[in-house]
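Below you will find the structure I want to go over with you.
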Amino acid sequence: MRTKGMIKEELCLGVFMETGAWLMVGILAGGFFVGLWYILIRGDADLDMRRGIVADGLRKPAQSSSFSSARSEFERKLLQIEAERRRRNLSGGNINLLGDATLLQQPVEEQPVMNAAPEVVVEDDDDGEETEEQMLERRRLRDEEWTRQESEKDRRQLEEEEAALKEQQERLQKEQEAQQEKDRLEAEQAAEAARISAEREAAAQSERDAEEAARQAEFAAAEEQRLAEIQAAQEKDALERRKAANRALDELRARLEREGARSSDVQVSLMWNNYNDLDLHVVCPSGERIHGGNRKSACSGELDVDANVRPDSRKPIENVVWPEGQAPAGTYQVFVHYYKKHKKRRSKDPTKFQVIANAYGDLLEYSGELTFGEEIQLVCTFNVPTMEEREEIKRQLEQQLRLAETGEVAADKILEDEATPKQLEFGELVDEIENELADDVEDDGSGVPPAPDLG
């Protein structure tokens, strides 16, 4: 149920909203009338209210043109030209169809614009009226003169254009020739500079090459000398090893005979001079290792003597041997392992040892020392030749033996000559050579060869 307060509030709200709406309408209407008043009172506004015409602007007056006004202007100038021509004819002068500039600048009375051409009455030489045929003839002559003058004008303009074009072509040609000459001179200068630079660079490069060649020659000579020294040292060391092996050969054979060991064309022996237990290890080309725990290999190598497992000998020997001619070709590695120290015999460390390797007649000696507890030691490596190489070595040795028998070459020369194989085989072939040297061995009467110097 609506109360009086609610009704009063609704009436006040309606009155307030109606007052605001009328105020907004009044503001908009006032703005419209002010704008309209401003347009109407402007003095420079020129509105074209004609139907179908749209004003370009309020500040610019509307302008229009028609074909009749252009035709009227043309007819007016034509009448001026005709009047001037008649005046010139009467005075004996020449006509200027193009008109005089001063005449065109003078004011001329406006002629009425009519649909047909105006009829002009001009007195001729006979003081009679000009007929229509005469007027047509005069117009024809005028048109011909106009055409001739236009043709002459076009011809002169064409000639001027051709002359200008020819002049421009000549100028361009001269500029092109000048540019070509300039480019040629620049190219010649650049070529000359490049030639001089190339010659200088070639000379500098030649000097650098000569210096580099000299340095390379010096390096090559130094390297050759170094390699020669290394090779000489290696050959000297090998010769000393062979001589040492030759000196130890008697002791080696005595110990091998004592232990009942075998000898062959490929053989490795280890000697030392105390009661300690050293073990000989030989790694075959196949990678298999021959030692006290693997005394026989698949390639027929065998450790036939394993000494001082118990402290039995002060001059022990261990020996690895292959049957004659059955050792596989390749690289062999020789190791020595200090397995056990026998204290009760008062053996002292370090223990010195000798390894003698026979690689199909190439007998080499290596020495070293070990202390108990040290790791296994790589002593040497050697290569065994193939069967073909062995046959060649054997033929060369047989030839040398024949030369020794005939006296052409001494037996000791065969052992020392570096150009021949160092065949110091434990077999019958070397025994023949040793017999040649038997008279040089001193016998102390004990029946046992002296021990080699392991120091």
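Quick note: the coordinates plus some simple rules give every number you see, no bench work behind them. These figures come from a predicted structure and were not determined experimentally. Every residue, glycine as well, gets a Cβ built from its backbone with ideal geometry; the counts of neighbours run over all protein chains shown.
Could you give the C-alpha radius of gyration of region 318-399 expressed as a fraction of 2.2 N^0.38 Å, taking N as the number of residues it contains?
1.43
If you find the alpha carbon centre of region 279-348 and of region 175-219, how far apart are they in angstrom?
Cα centroid of region 279-348 versus Cα centroid of region 175-219: 74 Å apart.
Sort 292-302, 321-331 for me by packing, meaning the mean count of neighbouring Cβ atoms within 10 Å per residue, highest on top.
Put in order of decreasing packing, that is 321-331, 292-302.
Additional query: Apply the Karplus parameterisation 6.51 cos²θ - 1.76 cosθ + 1.60, with θ equal to phi minus 60°, to every residue of region 162-169 and state each ³J(HN,Hα) to the nearest whole Hz, in sequence, with x for glycine and proline.
Computed from phi, the couplings for region 162-169 are 5, 5, 5, 5, 5, 4, 5, 5 Hz.
Around LEU363, which amide H atoms from residues at least 5 apart in sequence, or from another chain, sit under 5 Å from its own amide H, with H modelled in the peptide plane?
Result for LEU363 returns LEU424.
Something else: Over 22 Å, how big is the tail of the calculated P(r) for region 143-281, in percent of all Cα pairs?
Roughly 77 percent, rounded to a whole number.
From the phi angles alone, apply the Karplus equation (6.51, -1.76, 1.60; θ = phi - 60°) to region 292-299 and give each ³J(HN,Hα) in whole Hz, x where the residue is Gly or Pro.
x, x, 9, 6, 9, 9, 5, 8
Here are some pairs, LYS236/LYS340; LYS296/LYS352; LYS340/LYS394; LYS315/LYS394; which of them have Cα atoms lying more than 30 Å apart in this structure?
Working: LYS236/LYS340 35 Å; LYS296/LYS352 27 Å; LYS340/LYS394 41 Å; LYS315/LYS394 33 Å.
The answer is LYS236/LYS340; LYS340/LYS394; LYS315/LYS394.
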